[in-house]
Amino acid sequence: DQQVKQNSPSLSVQEGRISILNCDYTNSMFDYFLWYKKYPAEGPTFLISISSIKDKNEDGRFTVFLNKSAKHLSLHIVPSQPGDSAVYFCAAITPGNQFYFGTGTSLTVIP
Amino acid sequence: KAGVTQTPRYLIKTRGQQVTLSCSPISGHRSVSWYQQTPGQGLQFLFEYFSETQRNKGNFPGRFSGRQFSNSRSEMNVSTLELGDSALYLCASSPILSGTGDTQYFGPGTRLTVL
């Protein structure tokens, strides 16, 4: 049972435009959410996180939005750069510190 | 500071065999978590070790086991390999138990292929 879902396996965006990556979850007990970025042949690296008590967190070009009523999380990258091309995983954590990851979205930023 | 290292990077086994993967965490980190990554299921949590004790466990069969040594290095063992065990196995280290993700550092993974 996939508790965290990323329904778009891939996304292509022009350089300089906004990239929006989406993530849906089913477990209302999740209290912390994260986005990871993964390049080929490397492990995922932490990108940005948000606590369930917030609805927005910003770090430079990256902003994560949380809509608890819709059980929806999104990552906005503005402006998108070719170096952002990677697979992005969203993850959610339960109060018991169990991690659940989505299946990933492959982002391609076209120069 | 050296990152998380995993050995071997690539492995080919046949069904029914067993395999042991190794993970060396970042120096000073005491928590090691293991994940399985497959195209259809994404990253799935296997288990977490802290101070040589398994603290958290995901929903995987008993064929998947692990251990952690006093130097925090961890090994993961899969017995009686099945074709579906083909995956990228990632380990992540953290200085604290069950970090909030921003304290987790992932290794490059071991690509296991079961024939």
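Contact map, region B:53-68: residues that are more than 15 Å from B:Cys91 (Cα to Cα) paired with residues that are aliphatic (A, V, I, L, M) and part of a strand (DSSP E or B), Cβ distance under 6 Å, separation 6+ or inter-chain. Pairs shown: B:Phe60/B:Leu46; B:Arg63/B:Val78.
Taken together, the criteria exclude A:Lys54 from residues that are touching a Ser or Thr at 6+ places or on another chain (Cβ under 8 Å), within 14 Å of chain B (Cβ to nearest Cβ) and surrounded by 13 or more Cβ atoms within 10 Å (Cβ to Cβ).
Are any of the residues in region B:1-11 crowded, with 19+ Cβ neighbours inside 10 Å and assigned to a loop (DSSP other than H, G, I, E, B)? Talk me through it step by step, then tell me what you get.
If we filter region B:1-11 for residues that are crowded, with 19+ Cβ neighbours inside 10 Å, which is where we start, we get B:4, B:6.
Right, trim to assigned to a loop (DSSP other than H, G, I, E, B) and you get B:4.
Within region B:1-11, one or more residues are crowded, with 19+ Cβ neighbours inside 10 Å and assigned to a loop (DSSP other than H, G, I, E, B).
Of the residues in region B:82-101, at least one is at pLDDT below 95, of a type in the set (Ser, Thr, Tyr) and surrounded by 21 or more Cβ atoms within 10 Å (Cβ to Cβ).
The residues of region A:20-51 that are surrounded by fewer than 21 Cβ atoms within 10 Å (Cβ to Cβ), among the small types (Gly, Ala, Ser) and within 10 Å of chain B (Cβ to nearest Cβ), listed by number, are A:Ala41, A:Ser49, A:Ser51. Take region B:39-92 and flag every residue that is of a type in the set (Gly, Ala, Ser) and in a helix (DSSP H, G or I). Of everything in region B:39-92, just one residue is of a type in the set (Gly, Ala, Ser) and in a helix (DSSP H, G or I), namely B:Gly84.
Remark: pairs (first residue in region B:79-103, within 14 Å of chain A (Cβ to nearest Cβ); second residue in a loop (DSSP other than H, G, I, E, B) and at pLDDT below 80; Cβ separation under 6 Å; 6+ apart in sequence or on different chains) = B:Ser94/B:Thr103; B:Ser98/A:Asn97.
Where residues in region B:39-51 are more than 9 Å from chain A (Cβ to nearest Cβ) and either within 14 Å of the chain's Cα centre (by Cα) or at pLDDT 95 or above (or both), which of them is surrounded by the fewest Cβ atoms within 10 Å (Cβ to Cβ)?
Taking region B:39-51 and keeping what is more than 9 Å from chain A (Cβ to nearest Cβ), we get B:46-47, B:49-51.
Add one more test, that the residue is either within 14 Å of the chain's Cα centre (by Cα) or at pLDDT 95 or above (or both), and what stays is B:46-47, B:49-50.
On the way: B:Leu46: 22, B:Phe47: 21, B:Tyr49: 27, B:Phe50: 19.
Across region B:39-51, the extreme among qualifying residues is B:Phe50.
Counting only residues that are more than 7 Å from every other protein chain (Cβ to nearest Cβ), without any contact (Cβ under 8 Å) to a residue 40 or more places away in the chain and closer than 23 Å to B:Tyr35 by Cβ, region A:69-111 holds 2 of them.
Give the number of residues within region B:16-36 that are over 17 Å from B:Glu75 (Cα atoms) and either touching a Ser or Thr at 6+ places or on another chain (Cβ under 8 Å) or part of a strand (DSSP E or B) (or both). Before the answer, list the steps.
In the first step, residues of region B:16-36 are kept if they are over 17 Å from B:Glu75 (Cα atoms); the result is B:16, B:28.
Those left that are additionally either touching a Ser or Thr at 6+ places or on another chain (Cβ under 8 Å) or part of a strand (DSSP E or B) (or both): B:16.
Final tally of qualifying residues: 1.
Of the conditions (1) over 14 Å from the mean Cα position of the chain (by Cα); (2) loosely packed, with under 14 Cβ neighbours inside 10 Å, B:Arg63 clears all except one; give me its number. With (1) over 14 Å from the mean Cα position of the chain (by Cα); (2) loosely packed, with under 14 Cβ neighbours inside 10 Å applied to B:Arg63, the lone miss is (1).
May I ask you to list the residues in region A:58-75 that are more than 17 Å from A:Gly102 (Cα to Cα) and surrounded by 16 or more Cβ atoms within 10 Å (Cβ to Cβ)? A:Phe62, A:Thr63, listed by residue number.
The values are calculated or read from the model by the stated rules, or taken from the named source; none is laboratory data. The model shown is predicted, which means the values in this text are computed figures rather than measured ones. Every residue, glycine among them, receives a Cβ derived from its backbone with ideal geometry; neighbour counts consider all protein chains shown.
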